[in-house]
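The values are calculated or read from the model by the stated rules, or taken from the named source; none is laboratory data. Model, not experiment: these values are computed from the prediction. Ideal geometry is used to build each Cβ from the backbone, glycine not excepted, and the neighbour counts take in all protein chains shown. Remember, those area values only see protein heavy atoms, side chains included, never the ligands or the DNA or RNA. Shrake-Rupley method; radii C 1.70, N 1.55, O 1.52, S 1.80 Å.
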Amino acid sequence: MKSRAPGRVDLFNTHQDYKGLPVVPAAINLRTEVEGREAPGRVKVESMDLGERDEVDADSEFTGRWSDYVIAALRAMRRRGMRVGGAELIVRSGIPMGAGLGSSSALLVAIIKWFGASLGAGLTRGELAELAFEAENAELGIPCGRLDQYASAFGGLIALETRPPYSVEELGVKDLSLAVVDSGVKHRTSNIHSERQRELRGALRALGEAMGRNLDFPLDRVDWDWIGREAVEYLDSLSDVQRRRIEFTIRMNQSTKAVLVELRKPKPSPRIVGRAMNEQHEMLRDLYDVSIPEIEAIRNKLIDLGALGAKLSGAGMGGSVVALFEDAAAAARAVEGVGSRSWVVSVEPGADVIP
């Protein structure tokens, strides 16, 4: 039996899922596959891409290796009362690691999808996504939001509401002509998220002091719309970094709400969507400080090659750039001319199982 789970590009509201704000990812046709059979004993797993093998179960200790993701998936399933047995599995992935395309979440989704099918658990897409999130966030301790796991489990282009009950709106937009270019600079999502979340919590405490209110809440429980309305006049009392982190959060969310109006139309305008991508990249660069010269050089080249919009995908400080073109032919020409590892990608369905 084989399970497959797609990677993703995060088109809109990057770095907002851990703040309880809606995000817009698209699953793409770069996939992770898990193939194998049930077997006695523990889970024997081999990564064909890394050339590494391991043998683990839910009680195994984390070692800092890729197989930690398998252990985390097994622990999350056990925590939900699912009794997972032994297996012999082979993992293959077309999603580059550390490239801002959701490789770790795709691995978790594919592993959980495989074991769920082997148990006949009948997991819904939402249950699959939540299990993968729990594995990455609670078990591995990575301070991520839910964007990656839901994008991989549901597939397509979605608007994900990241506050309970984590609703998904399937936008049904499939004919986006996208190209992805890997900068080759690897990043660690956990480091970037931890630092920006620390800065933002400090900014909220300082803003609360200036306003005479308590704003020291978990980031995903803050009323960001209220802050956008009531706190603007107090932003100058913050340090430069604190002000920019708050301003980023407010403006990115406003931009996403606006582009969602366009994406809900029967035929969204690629130029309007591309313009929003450019706007959001500039905020990621100028207000959140997560771009680097290598990303900027690739983005500028893509725009020179005809991209309607281009932005970083993932946590930043490396990873990939996703670009929108007028049509697939224009995307293909740009991929040929950009001079880095790149793909023309399509919006694809979510995780599935092949008997």
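Being surrounded by fewer than 22 Cβ atoms within 10 Å (Cβ to Cβ), in a strand (DSSP E or B) and of a type in the set (A, V, I, L, M) is the filter here; which residues of the range 300-346 pass it? The answer is Val344, and nothing else. Of the residues making up the range 238-248, none is farther than 24 Å from Leu284 by Cβ and assigned to a loop (DSSP other than H, G, I, E, B).
Of all residues in the range 240-257, those that are within 14 Å of Val222 (Cα to Cα) and modelled with pLDDT of 95 or more have Cβ atoms under 7 Å from Cβ atoms of residues that are open to solvent by 10 Å² or more (accessible area, probe 1.4 Å) and among the small types (Gly, Ala, Ser), 6 or more apart or on another chain, in Ile250/Gly228. Taking first residues from the range 27-55 that are without any contact (Cβ under 8 Å) to a residue 40 or more places away in the chain and partners that are assigned to a strand (DSSP E or B), the Cβ contacts under 6 Å between residues at least 6 apart in sequence or on separate chains come to Arg53/Glu46; Asp54/Val45; Glu55/Lys44. Within the range 4-24, being in a helix (DSSP H, G or I) and open to solvent by 10 Å² or more (accessible area, probe 1.4 Å) holds for Asp17, Tyr18. Residue check: Asn137 meets all listed conditions (1) surrounded by 21 or more Cβ atoms within 10 Å (Cβ to Cβ); (2) over 20 Å from Ile354 (Cα atoms); (3) among the polar types (S, T, N, Q) but one, namely (1).
Scanning the range 86-103 for residues that are assigned to a loop (DSSP other than H, G, I, E, B) and either at pLDDT 95 or above or in contact with a Ser or Thr (Cβ under 8 Å, 6 or more places away or on another chain) (or both) yields Gly86, Gly94, Ile95, Pro96, Met97, Ala99, Gly100, Leu101, Gly102. Scanning the range 168-188 for residues that are open to solvent by 50 Å² or more (accessible area, probe 1.4 Å) and under 16 Å from the mean Cα position of the chain (by Cα) yields a total of 2. The conditions of being part of a helix (DSSP H, G or I), open to solvent by less than 50 Å² (accessible area, probe 1.4 Å) and among the basic types (Lys, Arg) are met by Arg196.
The listed residues are Ile95, Ile71, Ile90, and the only one of them that is within 13 Å of Leu140 (Cβ to Cβ) and either crowded, with 16+ Cβ neighbours inside 10 Å or out of contact with any His (no Cβ under 6 Å at 6 or more places or on another chain) (or both) turns out to be Ile71.
Only one of the numbered conditions (1) of a type outside the set (D, E, K, R); (2) closer than 24 Å to Ile95 by Cβ; (3) open to solvent by 10 Å² or more (accessible area, probe 1.4 Å); (4) part of a helix (DSSP H, G or I) is not met by Val273, and that is (3).
When Ala72, Ala58, Ala138, Ala121 are checked against the criterion of being modelled with pLDDT under 95 and either closer than 24 Å to Arg37 by Cβ or not β-branched (Val, Ile, Thr) (or both), a single residue qualifies: Ala121. Put simply, of Trp114, Trp66 the only residue that is open to solvent by less than 10 Å² (accessible area, probe 1.4 Å) and aromatic (Phe, Trp, Tyr) is Trp114. Against the numbered list (1) closer than 22 Å to Glu130 by Cβ; (2) at pLDDT 95 or above; (3) open to solvent by 10 Å² or more (accessible area, probe 1.4 Å), Ala27 comes up short only at (3).
Is there a residue in the range 181-188 that is touching a helix residue (DSSP H, G or I) at 6+ places or on another chain (Cβ under 9 Å), in contact (Cβ under 8 Å) with a residue 60 or more places away in the chain, of a type in the set (Lys, Arg) and outside any strand (DSSP E or B)? Among the residues of the range 181-188, not one is touching a helix residue (DSSP H, G or I) at 6+ places or on another chain (Cβ under 9 Å), in contact (Cβ under 8 Å) with a residue 60 or more places away in the chain, of a type in the set (Lys, Arg) and outside any strand (DSSP E or B), which makes the answer no. Here Tyr234 meets each of (1) among the aromatic types (Phe, Trp, Tyr); (2) in a helix (DSSP H, G or I); (3) within 29 Å of the chain's Cα centre (by Cα) with one exception, condition (3).
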